[in-house]
Every structure is written in structure tokens, then in C-alpha cells.
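Written out below as C-alpha cells is the structure these notes cover.
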Amino acid sequence: MTKHIFVTGGVVSSLGKGLTASSLGRLLKMRGLRVTMQKLDPYINVDPGTMNPYEHGEVFVTDDGGETDLDLGHYERFIDENLSQSSNATTGSIYQSVLAAERRGDYLGKTVQVIPHITDEIKRRIKRISTDDVDVVITEVGGTVGDIEILPFLESIRQFRKDAGRDNVCYIHVTLVPFIGPAGEQKTKPTQHSVTELRSRGIQPDVIVCRSEAPLSVELKRKISNLCDVDDRAVVNAADVGNIYELPLILHDEGLDEVVLDVLGMETPDIQTSAWDALVSKVEAATEPVRIGLIGKYVQLPDAYLSVVESLKHAGFHHGARVEIDWIQAEDVVGLLAEDRLAELDGLVIPGGFGARGFEGKIEAARYARESGLPCLGLCLGLHAMTVEFARNVVGLTEANSTEFDPTTRHPVIDLMHDQREVTDKGGTMRLGAYYAVLSPDTKVAEAYGEPVVSERHRHRFEFNPNYKSRLEEHGFVCSGISPDRRLVEFIELADHPFWVATQAHPEFKSRPDRPHPLFRDLIAAALVNARSHNANARV
Ligand code: GLN
């Protein structure tokens, strides 16, 4: 029988529920259990694919092409399992299924209602991922207890314990214990209110995880235990940490995994933390500064580039380097170049994006990197910018552009390669999910991956236009990876540059803290050469 853990949140949003759930997932894996995870999102969008990154942060893409919540990125990075689109369900997607069933006549003329039809569909989504090869499913409920739209989800997880059996379900509630300056005290009242709200929906938490700035005292934990009616040891403190990868070990020291296993009546072999201990030591030892410019459009919200940032950090851990990110608004690049500001950087990343704003700035950054020998990694739209740059400034096709931004350009070096002109539904109309690429021997990309065929995740409409391949190649542009049917260009690079590499894919979705992605790893290796001379000059 698969066991289920439900994680809810209270008091405020952005509490780090996803990280708490992921850390618990990792702890259970360290005890030899097979774990999978899922996020239920109460908003009405069918998936986050159509949402502005400022609304929602990054859209995380799974191998099977799901456009999902960024918490799935945390799940994959912590539990080191590839998830699928069934690991994310929104109110919109749940209603979509129920309404389709209603139109088909599946409900045989019955009135279709939130209870039981929506709640049954939510339960079906939860059960769908509890397959025979999973011991524990961790389901995080997005939003905050007390929200109107969360109610069907709370009702579903309440019913779930009744359906699955008391011992097969554990409820974890994550709350905030704020520090109120004038009183000089940590306050438990918001936690009490939040638990009361949860109870009013019929759910008594088994475990309360208290987020706080500073650690909670034993007395305060006891107070929460008494007032919220959970065991003393079931009040677990997750005080702020400098490095998120420490969190599993902190929660283990707080006894989280043990108390959860007790609730679920599970016995496991002893926990094996040595691999994760080694990772945390590596993170702590990663101190050599290396400065990477991230030329983006949504730079005010770092969550919009969450997986890119984590991938850079992972690569840093590998090299013993602390990656400092210089967030550069793409529209500001021209001004910054005039001030020679990019000369302070050791490397560049030009990440993915949509829409014209900032594209010219990305092209200028790509040019600067090419001309100055600055290591530069382009991701998806980054490949588009680097290709347009090369076509304009090296090949002399001054009007080269992507048809995404100039549909009538004379030189569409980036164009739609599959016919999407007629598509009006904006959801899921992109090339999405994992695709293979064949790498050309003796290229930087082939050397980085160390294997001839690789698979990466995609999320885009536009592609390199193969009609321009030979013209660009005559000038030293290398198409270092192509699709197995030879139609699509997946990787580009320059031979006579330390590292000017781009991919049509989003490799950032596959980096792990203890297994950095090869392209990020080699970007940081090249950037460190600059960092060392920068740092040495600074000392003179
Ligand atoms: N806007 C570009 C496209 O749709 C790139 C997308 C991206 O960077 N993910 O092709």
C-alpha cells in the first residue's frame, strides 16, 4: 500500500513549503524508500504555461512536455527523480477534465458539483501517481489555508485519509512563526489560527513545520504542541538557512522523517546521509568567487530564472566556486557596454524568454562575448540571439532576425519550423519536452557531455533556420548538435572562442546539486579562468 503525505501551508505564502516537501522526499529516499511528488495548484489556469513569469516565476518543463510549477524543479533536484506532467494539477485542469466528462455524458444526467465530482477528480489525480513502484507519494497543496480556492483540495485530502486508511496518510502543515521586533518575541498566534482554520476543514495536522528567522526555543515548541494538539516532537523547526541544500539535514536533526514514519507506521533501514553530507560540505567549500552576468527580461524576479540560477550554483559547487549573479536587464546592455561594465564579468548566460523586449540587448551581449572572448552560454532564446548576432555581424546579413520579432525580415535565420501559424490556442502549442540530439565529434558540446547522443527538454516555437546553415558555417559557426532526423539545429558554438555555446533546449531543468549539467559546468570552468585573473588584478 502506497503511503501519502500531504503538505499544506498557512499564515503567508512563499513559506518554502516546496523546499520542505522536497527535503522530506530526500530524507525518505535516504532511508531506501521509493518516493514521488506532486503539486496541486488552486489557480484556474490549466497550467502555468501561459502565465507571465512575473506572476508565477519559472515554468518548469518535464521530460514528457508538461509545463509545470517551479516547485517541481525543487522536487527533481532534491529527490533526483524525473517527474511527469501528472505531478502537477491545477484547478483549471481538474475542471477541464470534469467538464469534458460532463459533455460526454459520463455523469448520466446527474447534477455536477464541487463535491463529489471535483473532489473525486482531485483524488483521482492523487491516486494516479501512486503506482506499484512507489512507497510514498508527497503531495503539496499550493496556496494558503484560508484561501477560497483551496477548499476543494482540503476537502479531497481530508476524504483521502478516510479512503486510504488512517495509517496510510500523514498531514504536515507548514507555518510561519514571525519575530515581532517591538515585543522582541517570536509569536505563535498565527500558527494557532492557521491550524484552527485547517481543523475547521476537518484536518488535524500530524506534524507542524514552523518556519522562522531564528531557531525556536524548546518552550515555544512545547507551547505550539499544546495549543495545536500535536506531539512535542511533531513540532519541527525550519529556521532560515543560507543554503537550501542544508535543509534535509536540518529537518532530519529536528526529527521530521522519524515522526512522519511513525505516523505512517513504517519501518525503514537506518538513514544514509553520507552522500548528502558530502554535498553540503562541498557547498560550504565553494568559496572562490566567479561573476556571471544573467542577461534577462524578468530580472526583478529571480524566481523567473530559478533553474538557471540553481544550475549555475551546482556548477560552482563542482568547481569549488561561489557563483555571484549579476542580474542585467537586457534593455540596459547597450548603456552598460558604453560604461564597459560587462568587462567586470567572468561569464555570461543569455537565458530563454518570450517577446521582443530586450532581444536587441541580448544580441549586443552576445556580440560583446564573442568579440571579447567572454564565456557565454545561450539557452533557447539565447541561441536565437547568438545566431542573429553572428549572421548580422560576422556574415554581414545586417537585417537578420527571428521571425518572432520581425515576421517579414529578409533574413529569417530563426523561424517557425513546424507550422503553427494557424494555431490560436496559446496553451501547449510549442515544441515541448525531451528531444534527442546527435552531437558532432570534437566539439565543445560533445566534449562536455562525453556522449554522442543526448536528450534535453524543450519549450519554444522558433528554431534555427537550416537554410542558413552552410552560409553561417562558412564563417566559422559550428552547428555542433542536430536532431536525429537532421532537420533541426540543437547546439551551436564557435571553435575559436573559449566558450561561446548555445542550445535550443533548456538544460537547466536537468542539473542536480551533486551532478551539475555539463554545459553549465564547462561555462563555469571557462569563467573561472577570467575570475582568477580578475581576482589577482584586484589584489595588486
Ligand atoms: N520565444 C522563443 C520561442 O518561442 C524562445 C522560447 C524560450 O526561450 N523558451 O521560440
* Could you please let me know if A234 is in contact with a strand residue (DSSP E or B) (Cβ under 8 Å, 6 or more places away or on another chain), aliphatic (A, V, I, L, M) and at pLDDT below 95? => no
* Does L528 satisfy the condition of being away from the ligand (no atom under 15 Å from the Cβ), under 30 Å from L247 (Cα atoms) and in contact with a Pro (Cβ under 7 Å, 6 or more places away or on another chain)? -> no
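Suppose we filter D270, D346, D332, D277 for residues that are over 21 Å from L249 (Cα atoms), of a type in the set (D, E) and surrounded by fewer than 16 Cβ atoms within 10 Å (Cβ to Cβ); which single one remains?
D332
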* Can you find even one residue in the stretch 482-501 that is closer than 22 Å to E344 by Cβ and assigned to a strand (DSSP E or B)? -> yes
* With respect to G181, is the statement that it is under 27 Å from the mean Cα position of the chain (by Cα), over 30 Å from A286 (Cα atoms) and not polar (S, T, N, Q) true? -> no
* Which of the residues that make up the stretch 425-460 are over 26 Å from P498 (Cβ atoms), surrounded by fewer than 17 Cβ atoms within 10 Å (Cβ to Cβ) and in contact with a Ser or Thr (Cβ under 7 Å, 6 or more places away or on another chain)? -> K426, G427, Y436
* Report yes if V145 is more than 26 Å from the chain's Cα centre (by Cα), surrounded by 20 or more Cβ atoms within 10 Å (Cβ to Cβ) and β-branched (V, I, T), otherwise no. => no
* To do: With the condition kept exactly as written, say whether any residue in the stretch 510-522 is of a type in the set (A, V, I, L, M), crowded, with 20+ Cβ neighbours inside 10 Å and either part of a loop (DSSP other than H, G, I, E, B) or away from the ligand (no atom under 16 Å from the Cβ) (or both).
  => no
* Of all residues making up the stretch 287-311, the number that are of a type outside the set (V, I, T), farther than 16 Å from L336 by Cβ and either under 20 Å from the mean Cα position of the chain (by Cα) or buried (at least 21 other Cβ atoms within 10 Å of the Cβ) (or both) -> 11
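Any idea which of F499, F462 is within 16 Å of the ligand (Cβ to nearest atom), of a type outside the set (G, A, S) and in contact (Cβ under 8 Å) with a residue 40 or more places away in the chain?
Just a single option satisfies the conditions, and that option is F462.
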* **Hits in the stretch 111-167 - residues which are polar (S, T, N, Q), in a loop (DSSP other than H, G, I, E, B) and closer than 24 Å to V207 by Cβ** => S130, T144
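The values are calculated or read from the model by the stated rules, or taken from the named source; none is laboratory data. Nothing here was measured: the structure is a model prediction, and the numbers come from that model. Every residue, glycine among them, receives a Cβ derived from its backbone with ideal geometry; neighbour counts consider all protein chains shown.
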